[in-house]
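Working notes for the structure below.
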Amino acid sequence: MRTRTRTGTTRTTTTTSADWSRVVGHLHRDHGSRSGRSRRGGSRIPVAGRRPRRGLTGFAHALAALTLAAPAAGQSSPGVLVSADWLAERLHADDVVVLHAEYRKERYDQGHIPGARFLDMAGLTWPGEGDVGTEMRTPEDIDAALEEAGVSDGQHIVVYGGNPLAAARAWMTLDVMGLGDRVSMLDGGFGGWQEEGREVTTDEPQAERGSLTLRPRPEVIVGAEWVLERLDDPAITLIDARPEDEYTGEDGGMGGRVNAGHIPGAYPMYWEELVESRSVPRLQERAELEELFRATGAVDGSTVVTYCMVGLRASFSYFVARLLGYDAKLYDGSWHDWGARDDLPFVSGPGRR
C-alpha cells in the first residue's frame with residue numbers, strides 16, 4: 001500500500017466527490033476478457049421465461065430476497081432477469097414497458113426490439129467535470145428522462161441495449177431510484193435477441209409521457225470516504241470490475257491522468273468474466289458466477305461494493321451481485337475519483353495490498 005504525491009502536478013480532488021455528494025444529497029432530500037467463451041454443463045441463472053434445468057430449485061430460493069412485487073394486479077413477477085422468450089410473449093402488454101438504453105440515439109434508430117422505447121442515457125448520467133466520468137444525475141433529471149420515455153407507475157420495466165454496460169447502468173440507476181422491485185434486464189441483450197433471429201424494427205413507437213413516482217435509496221451509492229473507513233472491514237468485499245492492466249496499473253492510469261493501480265484490498269473481477277461474450281452478454285452458468293464471487297471473499301451476509309474506472313462496468317457487477325442475493329453498493333466515483341486523489345492509498349501491481 002502506498003500513497004503518492006506527484007511532483008509538478010496539481011490535482012483537483014473535489015470534482016467527482018462533489019458531484020457524488022450533490023446527487024446523494026438530492027437522494028436524501030427526495031427520499032420518502034474471457035469474451036466469446038461459452039460454458040456447458042452447469043445450471044444456469046433462473047431467468048423468467050426459460051425452462052429451468054435440474055438443480056435450479058435451491059438457487060431460486062437463494063434469490064427469494066429479490067423476488068419482485070407484481071407489476072400489475074393478478075400478474076406474477078418475472079424476476080430481475082428475463083429471457084427473450086418471456087419478453088417476446090409480452091411485447092404488446094400494456095403493463096410492460098421495454099426500454100432500449102443507449103448513449104446515442106442513432107444506434108436505436110438502426111434497429112431495436114418492436115415496441116421498445118428509446119431511453120437516452122444522457123438523461124440518467126452526465127460526464128462530470130472533465131468529461132471523462134459517468135456521474136449519476138439528480139432524481140429530478142432521472143424522473144424526467146423516464147417519464148419522457150413513457151414510463152409510469154404500475155408498469156414492469158425491461159431494460160436492454162446494444163451495449164450491455166448501458167443496460168446495466170440503466171438497471172442500477174432504476175434500482176437506486178427505488179424501482180428495483182419492478183425492473184428486469186434482458187438476458188443476452190440486443191445481441192442475444194438478434195442471434196436468435198427475432199424481429200427487429202426501425203419503427204419508433206409513439207408513447208405518451210408517463211407519470212412516475214421515485215423512491216430513492218441513497219444508501220446504495222457510496223463515496224471515497226465511506227470506502228476508506230471500511231478498507232479493513234471483513235464484512236465488506238470490494239470488487240474492481242476493470243481489466244487486469246488497469247487493476248495492476250500497467251495501463252499507466254488513464255494516460256497519466258490518475259494514479260496507476262487499485263484500491264487496497266480490492267479483488268480483481270473483470271465484468272466480462274460474468275457473461276458468455278460482450279456481444280451476446282448472456283450470464284454465465286450459476287455455479288461459475290457463485291464461484292467468481294466466492295473467490296473474492298464474498299459470503300452470505302457480505303456487503304459487496306463494486307467500482308471500475310467511471311462507474312459503468314461496475315454497474316454490471318453490481319447487477320450480478322444483486323441477482324445473487326448480496327447486499328450491494330456502488331462506488332460511483334470509482335477510480336476516476338479515487339485515483340485522482342493524492343490523499344488516498346493505492347496499490348500498484350497484482351497484489352491486493
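The values are calculated or read from the model by the stated rules, or taken from the named source; none is laboratory data. No experiment lies behind these values; they were computed from the predicted model shown. Here the Cβ positions follow ideal geometry from the backbone for every residue, glycine too, while neighbour counts run over all protein chains shown.
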Exercise for the section: Give the residues of the range 197-217 that are more than 15 Å from His112 (Cβ to Cβ), at pLDDT 95 or above and of a type outside the set (S, T, N, Q), sorted by residue number. Expected result: Gly197, Arg209, Gly210, Leu212, Leu214, Arg215, Pro216, Arg217
Problem - From Val158, Val96, residue being at pLDDT 95 or above, crowded, with 22+ Cβ neighbours inside 10 Å, of a type in the set (A, V, I, L, M, F, W, C) and within 23 Å of Tyr318 (Cβ to Cβ) - result: Val158
Handout entry: Checklist (1) buried (at least 20 other Cβ atoms within 10 Å of the Cβ); (2) modelled with pLDDT under 95; (3) under 20 Å from Arg217 (Cβ atoms) applied to Val151, failing item
Key = (2)
Exercise for the section: Scan the range 174-197 and give yes if some residue there is surrounded by 23 or more Cβ atoms within 10 Å (Cβ to Cβ), in a strand (DSSP E or B) and not hydrophobic (A, V, I, L, M, F, W, C), otherwise no. Expected result: yes
Exercise for the section: Might you let me know whether the range 209-216 holds any residue that is under 30 Å from Gly351 (Cβ atoms) and outside any helix (DSSP H, G or I)? Expected result: no
Fill in the blank from the handout: Residue pairs qualifying under the 6 Å Cβ cut-off, at least six apart or on distinct chains, with the first in the range 176-203 being of a type in the set (D, E, K, R) and the second being in a helix (DSSP H, G or I), are Glu196/Ala84
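Being over 30 Å from Leu91 (Cα atoms) and within 16 Å of the chain's Cα centre (by Cα) narrows it down to one residue among Ala241, Ala235, Ala166; which is it?
Working: Ala235 fails: within 16 Å of the chain's Cα centre (by Cα); Ala166 fails: over 30 Å from Leu91 (Cα atoms).
After applying the criteria, what remains is Ala241.
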Problem - Complete set of residues in the range 302-341 that are among the acidic types (Asp, Glu) and at pLDDT below 95 - result: Asp332, Asp337
Exercise for the section: State the number of residues belonging to the range 274-306 that are in contact with a helix residue (DSSP H, G or I) (Cβ under 7 Å, 6 or more places away or on another chain) and surrounded by fewer than 19 Cβ atoms within 10 Å (Cβ to Cβ). Expected result: 2
Handout entry: Conditions (1) farther than 17 Å from Tyr331 by Cβ; (2) assigned to a loop (DSSP other than H, G, I, E, B); number of the one not met by Asp245
Key = (2)
Practice task
Filter the range 206-216 for residues that are buried (at least 16 other Cβ atoms within 10 Å of the Cβ) and under 22 Å from the mean Cα position of the chain (by Cα) and give the result.
Solution key: Leu212, Leu214, Pro216
Exercise for the section: Please verify whether the range 252-259 includes one or more residues that are at pLDDT 95 or above and in contact with a strand residue (DSSP E or B) (Cβ under 8 Å, 6 or more places away or on another chain). Expected result: yes
Practice task
Only residues in the range 161-173 that are surrounded by fewer than 24 Cβ atoms within 10 Å (Cβ to Cβ) count as the first member; pair them with residues that are among the hydroxyl-bearing types (Ser, Thr, Tyr) and part of a loop (DSSP other than H, G, I, E, B), Cβ under 9 angstrom, at least 6 apart or cross-chain, and list the lot.
Solution key: Asn163/Tyr103
Handout entry: Neighbours by Cβ (under 8 Å, 6+ apart or cross-chain): first from the range 217-237, surrounded by 15 or more Cβ atoms within 10 Å (Cβ to Cβ); second among the charged types (D, E, K, R) and assigned to a helix (DSSP H, G or I)
Key = Arg217/Asp175; Val220/Asp175; Gly223/Asp337; Ala224/Asp337
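Could you tell me whether the range 253-263 includes any residue that is more than 19 Å from Ala235 (Cα to Cα) and among the β-branched types (Val, Ile, Thr)? Show your work before the answer.
First, the residues of the range 253-263 that are more than 19 Å from Ala235 (Cα to Cα): 253-262.
Now restrict to residues that are among the β-branched types (Val, Ile, Thr): 258.
Yes, that holds for at least one residue.
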